[in-house]
1. Just give me the residues in segment B:97-112 being facing another protein chain (nearest Cβ under 7 Å) and more than 13 Å from residue B:177 (Cα to Cα), in sequence order.
2. Checking the conditions here, which among A:181, A:141, A:169 is buried (at least 23 other Cβ atoms within 10 Å of the Cβ), within 24 Å of the chain's Cα centre (by Cα) and free of Cβ contacts under 8 Å to residues at least 40 places away in the same chain?
3. Can you spot a residue in segment A:49-57 that is in a strand (DSSP E or B) and either touching a helix residue (DSSP H, G or I) at 6+ places or on another chain (Cβ under 9 Å) or closer than 23 Å to residue C:86 by Cβ (or both)?
4. When only residues in segment A:123-138 that are modelled with pLDDT under 90 and closer than 23 Å to residue A:196 by Cβ count, which is farthest from the chain's Cα centre (by Cα)?
5. Specify which of the listed residues (B:98, B:117) is surrounded by fewer than 18 Cβ atoms within 10 Å (Cβ to Cβ), assigned to a helix (DSSP H, G or I) and modelled with pLDDT of 65 or more.
6. Let me confirm something: among B:204, B:222, B:197, B:245, which residue is outside any helix (DSSP H, G or I), more than 30 Å from residue C:225 (Cα to Cα) and out of contact with any strand residue (DSSP E or B) (no Cβ under 9 Å at 6 or more places or on another chain)?
7. Going by what's in this entry, would residue B:11 be described as buried (at least 16 other Cβ atoms within 10 Å of the Cβ), under 17 Å from residue C:81 (Cα atoms) and in contact with a helix residue (DSSP H, G or I) (Cβ under 6 Å, 6 or more places away or on another chain)?
8. Within segment A:1-20, work out how many residues are under 22 Å from the mean Cα position of the chain (by Cα), under 15 Å from residue A:44 (Cβ atoms) and surrounded by fewer than 19 Cβ atoms within 10 Å (Cβ to Cβ).
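The values are calculated or read from the model by the stated rules, or taken from the named source; none is laboratory data. The model shown is predicted, which means the values in this text are computed figures rather than measured ones. Every residue, glycine as well, gets a Cβ built from its backbone with ideal geometry; the counts of neighbours run over all protein chains shown.
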């Protein structure tokens, strides 16, 4: 069920065109993220939904009601501000109960509601404390309790975690997800941190320069970005020129590859917290029918037609390939996958991982490969000749 | 117009309308008056330059104008020159936690009644005053000592427009406007990145050259602000020439008062007031130009 | 930098010399203000009480200062809110006009208003016209003080109040106002002090209204009244130091409330 609907929303500030025709449907109960670099319009969009900014063109409706002329104070939305905006002259309890002034309930009921809200965010017993004595994480919790106590239809979060330390941030990410499932309220999160968006969201809209570049669930966004911009913004990606050829049909020459050390790291984290369900291995046909793709530096392969977006036709194109889907073949290792010759150009050792930049024939920019440092695996030196294994299923066809 | 602009205009309208009605309209009126003719009982709206030409040719008024501008310049120079080392000392040599206290100490005298302070300088510098009585006690001459001329100004008639009670006026006004000069210079000095001085030393300049080539140029905006803040009220001052100068060295404001309330010659007074504003504008333009030249690169 | 320190101390002596003399001669048993001192007395203070004119002038001055400071602060709140919270056409010239009295010699403000009042409208100047002019010259100071009070305030606080269901007016009353109260108080105190101490305007417009500075000016014309000036000055200095400390305390409290660190610096 659609809760929030934006149609053709434009926003101008003088000559500056901050939002350029945003169409958006956000469903009831969804955890939705607006992701993008700073200045892309994501915060403006959030403020348009909250009612702090009017629209220059287009419409916003929440729960089927047109929001034109409805001020922030009359909208069923509440916000957690980037600075948290905790009222410094009020106690924690007074902050949380701020929005209950017009609530007709008796005083004791309101006090109880405040206590419950504080308990929900893990701040039981903090009601009497002075607000300005709180730590960053505690302020964040007060801001959450203050917004959620009003039982809004939508909770808007403007970069709520950016002011926190890495450790507390990751802890709060998990807590926010749990909280959202518990209360069932639609959350809209604004963030510039792609990892945060991937970990937390049901769906993500990636924004660039006032436009939505792609709107999808995290896995699709990561595996099948629809443009070079999106692919480059989310995770690391190697870009290579390629040529799309004819449809061909040929005998399958090799069995399906065993599940390798692919998609480690981020995707693994997604799986760990249950965001992504690993796909069941498919039985592969004897014959493969597909489209021939020649990738510069890597070679030729056949990809299934559904892997090529409709908008991409035959001819020159750009393909993307993630570092974790490439692997170095160490001495004595064999693979069923495609192989390309390469020379190690740069080695960056990260402890659990090693990042290699390797040069392949005919490509100017080196390819980045991430390898897990398993037992017995050496770290190669710069200048060493090696082989790179790659899989056509991990090619992202981006178009030119 | 956006909501924000409408709200802003709505909010600013009360003080804006107040300033229009009670500042802009009167100032335009006084400018008009300064070009009108003084009739017998009322002002005649005939455009004339006579009020100005008379002010500039009448030897008495001309002397008064020269004295006013001269005194204001002398006060400004003395105040700013005396203030700079203090501001520098507080900014560069006082520990950060003590700076507030120093500024507080400097501003306290400013908050005591201006009239009282001027009266005090009269009793200090005047004939039979504190300064002379101290000199007496120390065994100096029984004759009134030529102490800053205030004495002379009280005893003898002024010989020329420059007479020795002028220094007494300058001292009194320099004292009165000291904090106004110290604060802007201090603020400008505080803004200077301390590593700039270290960089200059690192590149081979000694402390004096560092001060001359780095600190002083960066303090210029503060000095310019100080100059304007002191010059503006000084040129229009009434009390000090009247009280300390002993009525023998009037400045513009004193004469404007006479034109308005004693001679009932409003156009003449208006022209004089305009001339003082002109002096302020000229000084402001000169110093703002200096400021821009000094800091060729925009801030 | 020892010489600089010596200079600083000498400079402070120069600043404080007249003020130190005040109480000395206020309690000195001689009508002539000079050394040597001739003995202690409180007669000048008791003498002050008999100066009917003085108590009247004091009352007039305080009344004028109270009204002027209130109006200036209210106008200052409007201007500072508009200036720090929103963008609007001709913002710079509008705010520039409001701040103009800061760079105008007071004699210009006094004469230009006097011309309009006396010549154009044919009215008699008095306490009301002094108030009108004092509001004009105090407003820029109020705007400057309140500007910094508003700038120290996170704009998200007011938005948060709106977001939690308050109207604009409610958000101002429940959030903005309590947080800028210290700024309002120090704006009021400073405007009050400026008005109380202002001479030129009060002198030009006095008519039959005598303010305290105009009254003191009158006293300075008579050498025999000088000890009275000293006694009055002593009382005024004491009062203004108390007011000043109160204003500074309010400022610090404001910073603390807004959760900011004291960056030092008075004004």
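1. Correct list: B:99, B:100, B:103, B:104, B:105.
2. A:141
3. Kept after step one, since they are in a strand (DSSP E or B), are these residues of segment A:49-57: A:57.
Narrowing further to those that are either touching a helix residue (DSSP H, G or I) at 6+ places or on another chain (Cβ under 9 Å) or closer than 23 Å to residue C:86 by Cβ (or both): A:57.
Yes: segment A:49-57 contains one or more residues that are in a strand (DSSP E or B) and either touching a helix residue (DSSP H, G or I) at 6+ places or on another chain (Cβ under 9 Å) or closer than 23 Å to residue C:86 by Cβ (or both).
4. A:134
5. On the way: B:117 fails: surrounded by fewer than 18 Cβ atoms within 10 Å (Cβ to Cβ).
None of the other options fit; the residue is B:98.
6. Unique residue meeting the criteria: B:204.
7. Spelling it out, residue B:11 is indeed buried (at least 16 other Cβ atoms within 10 Å of the Cβ), under 17 Å from residue C:81 (Cα atoms) and in contact with a helix residue (DSSP H, G or I) (Cβ under 6 Å, 6 or more places away or on another chain).
8. Looking only at that region, the number is 1.
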